[in-house]
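Asks: Have a look at this one.
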Amino acid sequence: MIEDFAQGHRHPDIVILTGAGISRESGLSTFRDADGIWSKVRIEDVATPEAFARDPDGVHAFYNERRRGMAGGAVAPNAAHEALARLEHEWPGAVTVVTQNIDDLHEKAGTGNLIHMHGEMLKARCEDCGHVVHWAGDMGRGDSCDACASIGAMRPHVVWFGEMPLEMERIYGLLDRCGLFLSIGTSGNVYPAAGFVQHVRRRRVARTVELNLEPSEGASLFAEAEYGPATEIVPAFVERLLEGK
Ligand code: BV8
């Protein structure tokens with residue numbers, strides 16, 4: 001099996017895209033499930049730069065509530081996060097997690113090679129000077145930047161709709177070199193992340209696998225798929241991969 005997807009070598013590099021589904025069993029809501037975040041608030045009201053310009057207090061309240069839900073270790077990584085950290089440490093090739101999630105559960109599980117393409121809940125960015133700083137508490141218009149002292153310019157260091165995701169050049173470089181692309185816990189609704197599998201498929205040698213609770217919007221684009229809760233199917237997949245190394 002290893003030879004099937006290697007680019008001519010036994011331990012190809014692996015790129016893993018994760019979405020909200022991988023954190024669901026840690027107790028964090030997803031976005032588009034029946035009880036998901038977008039069933040309670042509209043994207044246009046809380047997750048666009050226009051919303052922030054129009055109603056900064058409302059957007060801060062949305063992120064303050066989610067940040068509080070993650071504070072103080074209330075939320076822990078689950079077996080799926082831990083399996084990906086194990087894969088990074090035991091796989092002979094490079095393993096990189098590209099997450100759409102803004103929680104810190106991959107880091108807590110021990111993943112080091114990690115790109116938060118949609119930013120991070122526990123960071124703030126100054127709109128005036130661009131300074132990015134760790135931020136675990138509530139944020140509001142009265143807060144000031146500890147680099148340029150400007151007041152009211154702090155925003156969540158999160159990529160909103162209509163904003164360019166982070167580290168895209170690095171991500172496409174990784175996709176161009178990987179021999180295995182894994183997509184875990186994402187509905188495949190949000191671009192450009194949802195387009196990564198097409199980017200990988202252009203190279204015949206790479207293996208594409210979807211691990212999700214149910215088929216995503218892009219399910220037909222994956223050569224292989226397994227469906228079930230992430231805490232069950234992800235550790236099992238990693239175990240098989242490492243057994244065959
Ligand atoms: C941009 C941060 C361009 C905020 C988020 C085509 C090309 C390019 C862009 C677009 C395009 N078409 C449309 C666009 C615009 C837009 C977009 O994609 N819109 C969609 C709605 C159609 N994209 C953008 O705006 C992006 N920016 O393109 O910029 C540009 C170019 C030049 C210059 C400037 C800009 C920016 C998108 C990022 C937006 N920010 N989040 C926050 O988190 O508050 S997106 C948001 O959706 C989250 O990041 C989330 O992670 C992401 C994706 O959702 P999922 O993670 O997939 O979560 P979802 O609930 O949908 O699905 C969960 C899945 O898990 C389900 O499948 C479920 O079955 C599964 N699951 C549930 N439980 C389990 C499970 N699986 C396993 N186990 C379980 N237990």
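Just so you know, all these numbers are worked out from the coordinates, no wet-lab data involved. Bear in mind that the values here come from a model prediction, so they are computed numbers and not experimental data. Note: ideal-geometry Cβ built from the backbone for every residue, glycine included; neighbour counts use all protein chains shown.
Asks: About its Cα centre, how strong a charge dipole does the range 23-157 have in debye, to the nearest 20, once Lys and Arg get +1 and Asp and Glu get -1 at the Cβ? Display every interim value, and only then the final one.
Replies: Numbers: 14 positive and 21 negative charges, 19 e Å.
Using only the charged Cβ atoms, the result is roughly 80 debye.
Asks: State to the nearest 20 debye the size of the charge dipole of the range 127-245 about its Cα centre, where the only charges are +1 on K and R beta carbons and -1 on D and E beta carbons. Intermediate values should be presented prior to the final figure.
Replies: Numbers: 11 positive and 17 negative charges, 133 e Å.
About 640 debye.
Asks: Then there's this: Hey, what do the phi angles of the range 99-114 turn into as Karplus ³J(HN,Hα) couplings, whole Hz, using 6.51/-1.76/1.60 and θ = phi - 60°, x for Gly and Pro?
Replies: Taking θ as phi minus 60°, the curve returns 10, 7, 7, 9, 7, 10, 6, 5, 4, 4, 7, x, 6, x, 7, 9 Hz for the range 99-114.
Asks: Still on this structure, I have one more. Can you sort Ser183, Ser26 so the residue with the fewest Cβ neighbours within 10 Å comes first? Show your work: numbers first, answer last.
Replies: Values: Ser183 28, Ser26 21.
The most exposed by this proxy come first: Ser26, Ser183.
Asks: Right, something else. Of the candidates His81, His199, His118, which one comes out as most mobile in a Gaussian network treatment of the chain with C-alpha springs shorter than 10 Å?
Replies: Looking only at His81, His199, His118, the largest GNM fluctuation is found for His199.
Asks: Follow-up. Relative to the present Cα-Cα distance, how much length would full extension add between Arg32 and Met168 at 0.36 nm per residue of separation?
Replies: On the way: separation 136, 0.36 × 136 = 48.96 nm, distance 2.40 nm.
Full extension from Arg32 to Met168 adds 46.6 nm.
Asks: Using the Cα gyration tensor of the range 18-78, with a ≥ b ≥ c the square roots of its eigenvalues, what is the shape: rounded (a/c below 1.5), prolate (a/b larger than b/c) or oblate (neither)? Write down the numbers at each step before the final one.
Replies: Details: a/c = 2.68, a/b = 1.56, b/c = 1.72.
Note, shape of the range 18-78 comes out oblate.
Asks: Then there is this: Would you calculate, for the chain, the mean residue ellipticity at 222 nm contributed by helices, counting each DSSP H stretch of 4 or more residues as -39,500 (n - 2.57) and dividing by all residues, to the nearest 500?
Replies: Working: 10 runs with 80 residues, N = 245.
Counting only the DSSP helices, I get -9000 deg cm²/dmol.
Asks: P(r) for the range 173-244, please, calculated from all Cα pair distances in 5 Å bins and given in %.
Replies: The percentages, shortest bin first, are 3, 17, 28, 24, 20, 8, 1.
Asks: In addition: Take Leu242 and Ser220, extend 7 Å from each Cα along the Cα→Cβ direction, and tell me the distance between the two endpoints in nm.
Replies: 3.7 nm
Asks: What's the extension gain from Ala61 to Ser39 if we count 0.36 nm per residue and subtract their Cα-Cα distance?
Replies: Answer, rounded to one decimal: 6.2 nm.
Asks: Which residue fluctuates the most in the chain, going by a Gaussian network model with Cα springs under 10 Å, if the choices are Gly162, Gly188, Gly27?
Replies: Between Gly162, Gly188, Gly27, it is Gly162 that shows the largest mean-square fluctuation.
Asks: Under 16 Å Cα to Cα from Lys108, which lysines show up? Leave out anything in the same chain fewer than 8 places away.
Replies: Lys123
Asks: Follow-up question, since we're still on this one. Can you give the Rg to Rh ratio for the range 124-238, taking only C-alpha atoms and Rh from Kirkwood? It would help to have the intermediate numbers written out before the result.
Replies: Working: Rg = 18.8 Å, Rh = 16.8 Å.
Ratio of gyration radius to Kirkwood radius: 1.12.
Asks: Work out how much length Gln198 to Cys148 would gain on full extension: take 0.36 nm times their residue separation and subtract the Cα-Cα distance, in nm to one decimal. List each step's numbers first, then the result.
Replies: Working: separation 50, 0.36 × 50 = 18.00 nm, distance 4.21 nm.
Gain on stretching Gln198 to Cys148: 13.8 nm.
Asks: Could you put Phe196, Phe161 in order, starting from the residue whose Cβ has the fewest other Cβ atoms within 10 Å?
Replies: Details: Phe196 26, Phe161 12.
In order of increasing Cβ crowding within 10 Å: Phe161, Phe196.
Asks: Now for a separate question. Any idea what the dipole of the range 72-122 comes to, in debye rounded to 20, about its Cα centre with Lys/Arg Cβ at +1 and Asp/Glu Cβ at -1?
Replies: Values: 2 positive and 7 negative charges, 12 e Å.
That gives a dipole near 60 debye.
Asks: Here is a further query. Please state the equivalent ellipsoid semi-axes for the chain: what are the square roots of 5 times the Cα gyration tensor eigenvalues, largest first, in whole Å?
Replies: On the way: eigenvalues 218, 64, 59 Å².
Output for the chain: semi-axes of 33, 18, 17 Å.
Asks: Oh, and also: Taking the range 45-158 as the region of interest, what is the percent of Cα-Cα pairs per 10 angstrom bin, listed from the shortest bin to the one with the maximum distance?
Replies: Per 10 Å bin, starting at 0, the Cα pair percentages come out as 14, 39, 29, 15, 3.
Asks: List the cysteines in the chain whose Cβ has no other cysteine Cβ under 4.7 Å from it.
Replies: Result for the chain is Cys178, no neighbouring Cys Cβ within the cutoff.
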